[in-house]
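Engineer: First the structure, then my questions, so here it is.
Read the figures in this text as sums done on the coordinates, not as results from a lab. If you're wondering where the values come from, they're calculated on a predicted model, not measured in any experiment. Positions of Cβ are backbone-derived with ideal geometry, glycine not excepted, and every protein chain shown enters the neighbour counts.
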Amino acid sequence: MCGIIGFVGNESACSFLLSGLEKLEYRGYDSAGVAIHDGKKINILKAKGKLAELGKKIEAKNLIGNVGIGHMRWATHGKVSEENSHPQSSLNNKIALVHNGIIENYLELKNEFDKNIFVSDTDTEVIAHLIYKYYDWTGILDNFIDAVYFVLKKLKGSYALAIMCEDFKDKIFAVKKDSPLVIGIGENKNFVASDISAFIKYTNEVCYLNDNELAVLDEKNINIFDENKNVLEKKVFSVDKEVNNLGKGNYDSFMLKEIFEQPKVIKNFLIDNSENFLDEINLDEKILDEVERIYLIGCGTAYYACLMGEKILSKLNLFVSAQPASEFRYSDLVLNKKSLVIVVSQSGETADSLAALRIAKKNGAKILSIVNVRESSIARESDFVININAGPEISVASTKAFSLMLSAFYILSCCLYKYFKIISHNEFLDLKNDLKEIPELVEKVLKQHEKIKSVAEKYLLSKNIFYLGRNLDYVIALEGALKLKEIAYLNAQAYPSGELKHGPIALIDESSLIVGIVTQKNIFDKTLGNLEECKARDGKIFVITQYENENSKDAADDIFILPECNQIFIPLLANICLQLFAYYIAKNLGRDIDKPKNLAKSVTVE
Ligand code: AGP
């Protein structure tokens, strides 16, 4: 989703802005632009399409100046065009700004102006005109800050803004609400960006802006104010430079690299979190004894991890419900101080998940988050945090983060089963031993990647692709189908296998592929029966199971045998197989695997 970079220093801004935008490319975008102050005025260049197009324009125009802002846009309001890309500006580029988020009342705000002044269809442009209108153009910094705050009070919605004003040739301004912004503190140069990766090459000293805080940056100073213009002392964090500045290594995509990293990151996570897990995350008796309801919320893949959490936590004698965050925030669920809300998010910045967290908190619920980005907004606003520590996940399609979210739910449920006396101490120890085997078993699946590749190559032209499974396997069916949609652009649907004959079976014919996930012993025959029904209608069947017997072989055109593993944990292994399956299909179809069309890594708008 849109990315922001701002630079101010004693060197030419262009190269810093372009290298920052390159690092943000993984977020997904359709156009990009920069604004640079040349000492007299602000110059703006924008281009549709890939960043290279903007690079060419910048080179041709030879933009000079040490202060600038850059943006990559993922269209929300108005089609993909140069006019709609950012920076957006007021008359004569006196004010230029870049924006992430959505201004909900922009049409109403536009009424303050003659319609003819607008050159774009964006919700952003009006902010530039408003600042232009309410700033008195005296060149006094205080007055400019007043004008910005005055305008912010008029805005409804979410924003992260980096702003430039012709009057302040050595400064950039940054302010946010419900959309992330981080400041990078360098030597004779400072940065603002929507994520650290944009400037980590140059500095790993950072501080995070909270909602309604306004930062004024120049080459030497960073001053941060609250709404009443009090100067704030902010905590400075040193982030891990190595971890935040990774390449693809020998892999052809970040997705493949991240798939193959899984044994290592799962192992590290399990080692770090094996002993007194509940104590480590401070989930103490007082809280657990009070809890009556557990809600699990997330979006996309993180939501599917929640569904798995719901299924395995349902053994507890409690009300447990997984909800997509975008639904949760508008539902009338019972929510109070006896509720525990588990928010799951790789980025920790997903707008719907963050909004749902805030609603839950407002209603008195305790918040436990499962996140990958330790310093993210969701982590910072939670009462308890499980950091899955997957390292940066660059590929838009989430892989290793999902496996770690499942691992987090596995450990959490084992501990809660024990705490609520669903299992004995010995059974708990057995489960923990089984958990420890997961990394090695994942490795075993990965070693068979050639086999998965050859199955994938057979089914490139399939139409109507179905992923079927029951109970825990159904969750993996959902995630497997999502992966295929995301990176291969093939229409894959997931169903609980028993649901197929209530309608969707009408679509099955010889061009259909049915991927059956059959890992649960007690329902093995039932799901196989459903696959046979598809076979009888000429569908091609790919079975993923740990049971190789006459029945499964008979049902399958192709079969992948998973290593033996505990029933609760084996769906994670089936999912590794489906990650590779989606990857090889996408690769063979020539898709842009790490940056699929229309998608954004971090969805920071509602
Ligand atoms: C996964 O492959 C997706 N790209 C997407 O569904 C993602 O999981 C979702 O947007 C949630 O992101 P988060 O985990 O960062 O909150």
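Engineer: For Asp272, put the label point 7 Å out on the Cα→Cβ axis and report which residues of the range 295-311 keep their amide N under 20 Å from it.
Structural biologist: Only 302, 305-306 fall inside the zone, counting backbone N under 20 Å.
Engineer: Amide H neighbours of Ile559 under 5 Å, at least 5 residues apart or on other chains, H built in the peptide plane: list them.
Structural biologist: Hits under the 5 Å cutoff: Val543.
Engineer: Please list, short to long, the whole-number percent of alpha-carbon pairs of the range 254-436 in consecutive 5 angstrom bins beginning at zero.
Structural biologist: Final binned percentages: 1, 9, 18, 22, 22, 15, 8, 4, 1.
Engineer: Moving on. Take Lys458 and Asp383, extend 7 Å from each Cα along the Cα→Cβ direction, and tell me the distance between the two endpoints in nm.
Structural biologist: 5.2
Engineer: Output wanted: per-residue J couplings in Hz (rounded whole) for the range 373-388, from phi through Karplus 6.51 cos²θ - 1.76 cosθ + 1.60, θ = phi - 60°, x for Gly and Pro.
Structural biologist: Each residue of the range 373-388 in turn: 9, 4, 8, 5, 4, 5, 5, 5, 9, 8, 7, 9, 10, 9, 8, 6 Hz.
Engineer: Here is a follow-up. Taking neighbour counts of Cβ atoms within 10 Å as a proxy for exposure, in what order, fewest first, do Lys463, Lys267 appear? Write down the numbers at each step before the final one.
Structural biologist: On the way: Lys463 12, Lys267 17.
Final ranking by Cβ density, sparse to dense: Lys463, Lys267.
Engineer: Using the Cα atoms of the range 338-394, I'd like the radius of gyration and the largest Cα-Cα distance, Dmax, both in angstrom.
Structural biologist: 10.6, 37
Engineer: Gly157's amide H: which non-local residues (gap 5+, or another chain) put their own amide H closer than 5 Å, with H modeled 1.01 Å from N in plane and none for Pro or chain starts?
Structural biologist: Glu104
Engineer: So which trypsin sites (Lys or Arg not before Pro) in the range 411-440 are both in a DSSP loop and have at most 11 other Cβ atoms within 10 Å of their Cβ? Write down the numbers at each step before the final one.
Structural biologist: Numbers: sites: Lys418, Lys421, Lys432, Lys436; in loops: Lys421.
Listed in order of number, the matching sites are Lys421.
Engineer: Loop only per DSSP, at most 13 neighbouring Cβ atoms within 10 Å: give me the chymotrypsin sites (Phe, Trp or Tyr not before Pro) in the range 262-358, ordered by residue number.
Structural biologist: On the way: sites: Phe269, Phe277, Tyr295, Tyr303, Tyr304, Phe319, Phe328, Tyr330; in loops: Tyr330.
Counting only loop positions with at most 13 other Cβ atoms within 10 Å, the chymotrypsin sites (Phe, Trp or Tyr not before Pro) in the range 262-358 are Tyr330.
Engineer: For the chain, what does the helix formula give at 222 nm: sum of -39500 (n - 2.57) over DSSP H segments with n ≥ 4, over the residue count, nearest 500 deg cm²/dmol? Provide the component values of the computation, followed by the final result.
Structural biologist: Values: 21 runs with 220 residues, N = 606.
Rounded to the nearest 500, it is -11000 deg cm²/dmol.
Engineer: Among the GluC sites (Glu not before Pro) in the range 91-149, which ones are in a DSSP loop with at most 15 other Cβ atoms within 10 Å of the Cβ? Mind listing them? Write out the running numbers ahead of the final one.
Structural biologist: Working: sites: Glu104, Glu108, Glu112, Glu125; in loops: Glu104, Glu112.
Here the sparse-neighbourhood loop sites are Glu104, Glu112.
Engineer: Label Lys362 and Lys201 with points 7 Å out from Cα along Cα→Cβ: what is the distance between them in nm?
Structural biologist: 4.2
Engineer: Compute the relative contact order of the range 254-436 as a whole-number percentage, counting only Cα pairs closer than 8 Å that sit 6 or more residues apart in sequence. Please report the intermediate quantities before stating the final value.
Structural biologist: Numbers: 317 pairs, mean separation 46.1, N = 183.
Averaging sequence separation for qualifying contacts and normalising by length gives 25 percent for the range 254-436.
Engineer: I need the Kirkwood Rh of the range 2-244: take the reciprocal of the average 1/r across all distinct C-alpha pairs and report it in angstrom. Could you put the intermediate results ahead of the total?
Structural biologist: Numbers: mean 1/r = 0.0573 Å⁻¹.
Hydrodynamic radius (Kirkwood, Cα only) of the range 2-244 equals 17.4 Å.
Engineer: Ok, one more. In 20 Å bins starting at 0, how do the alpha-carbon pair distances of the chain split up by percent?
Structural biologist: Values per bin, smallest distances first: 20, 49, 27, 4, 0.
Engineer: Working out 0.36 nm times the residue gap between Val239 and Ala506, then minus their Cα-Cα distance, what length gain in nm do you get to one decimal?
Structural biologist: Working: separation 267, 0.36 × 267 = 96.12 nm, distance 5.38 nm.
Between Val239 and Ala506, full extension yields 90.7 nm more.
Engineer: With a Förster radius of 35 Å, plug the Cβ-Cβ distance of Lys444 and Asn598 into 1/(1 + (r/R0)^6) and report the FRET value to the nearest 0.05. Don't skip to the answer; put the middle values down first.
Structural biologist: Details: r = 35 Å, r/R0 = 1.00.
Efficiency, rounded to the nearest 0.05: 0.50.
Engineer: For a quick size check, give me the Cα extents of the range 412-464 along its three principal axes, largest first, whole Å.
Structural biologist: 50, 27, 13
Engineer: Please tell me the relative contact order of the chain in percent, rounded to the nearest whole number, where contacts are Cα pairs under 8 Å and at least six residues apart.
Structural biologist: 12
Engineer: Counting every Cα pair in the range 205-328, what percent are over 18 Å apart?
Structural biologist: Details: 5823 of 7626 pairs.
In whole percent, the share of Cα-Cα pairs in the range 205-328 beyond 18 Å is 76.
Engineer: Across every pair of different alpha-carbon atoms, what Kirkwood hydrodynamic radius in Å does the range 150-220 reach? If you can, show how the numbers build up before the last one.
Structural biologist: On the way: mean 1/r = 0.0788 Å⁻¹.
Taking the inverse mean of 1/r over all distinct Cα pairs, the range 150-220 comes out at 12.7 Å.
Engineer: How would you rank Ile266, Ile505, going from fewest to most other Cβ atoms within 10 Å of each one's own Cβ? Spell out each step's value before the answer.
Structural biologist: Values: Ile266 26, Ile505 18.
Sorted ascending by nearby Cβ count, the order is Ile505, Ile266.
Engineer: Something else about it: For each of Arg293, Arg470, Arg380, Arg27, count neighbouring Cβ atoms within 10 Å of the residue's Cβ, then give the residues from fewest to most. Can you show the working numbers first?
Structural biologist: Values: Arg293 17, Arg470 22, Arg380 14, Arg27 26.
Ranked by crowding around the Cβ, least crowded first: Arg380, Arg293, Arg470, Arg27.
Engineer: Pull up all non-local amide H partners of Gln493: gap of 5 or more, or a different chain, and H-to-H distance under 5 Å with H placed in the peptide plane.
Structural biologist: The answer is Ile465, Phe466, Tyr467.
Engineer: Show me, for the range 81-96, the HN-Hα J-couplings you get by feeding each phi into the Karplus relation (A = 6.51, B = -1.76, C = 1.60, θ = phi - 60°), rounded to Hz, glycine and proline as x.
Structural biologist: Each residue of the range 81-96 in turn: 7, 5, 4, 7, 6, 9, x, 9, 9, 8, 3, 6, 6, 5, 10, 10 Hz.
Engineer: Hey, another quick one. Spelling out what I want: for every residue of the range 445-456, take phi, set θ = phi - 60°, compute 6.51 cos²θ - 1.76 cosθ + 1.60 (Karplus), and round to whole Hz; glycine and proline get x.
Structural biologist: 5, 4, 4, 9, 4, 4, 5, 5, 4, 5, 5, 4
Engineer: A follow-up question, please. For the range 449-588, compute Rh as the Kirkwood radius over C-alpha pairs and then the Stokes-Einstein diffusion coefficient at 25 °C and 0.890 mPa s; write the answer in µm²/s, rounded to an integer. The partial results should precede the final answer.
Structural biologist: Numbers: Rh = 14.4 Å.
Calculated translational D: 170 µm²/s.
Engineer: Here's a follow-up. Provide the gained length on full extension for the span Asn116 to Ser314, in nm with one decimal, where the gain is 0.36 nm per separating residue minus the Cα-Cα distance.
Structural biologist: On the way: separation 198, 0.36 × 198 = 71.28 nm, distance 5.83 nm.
Extra length from Asn116 to Ser314 when fully extended: 65.4 nm.
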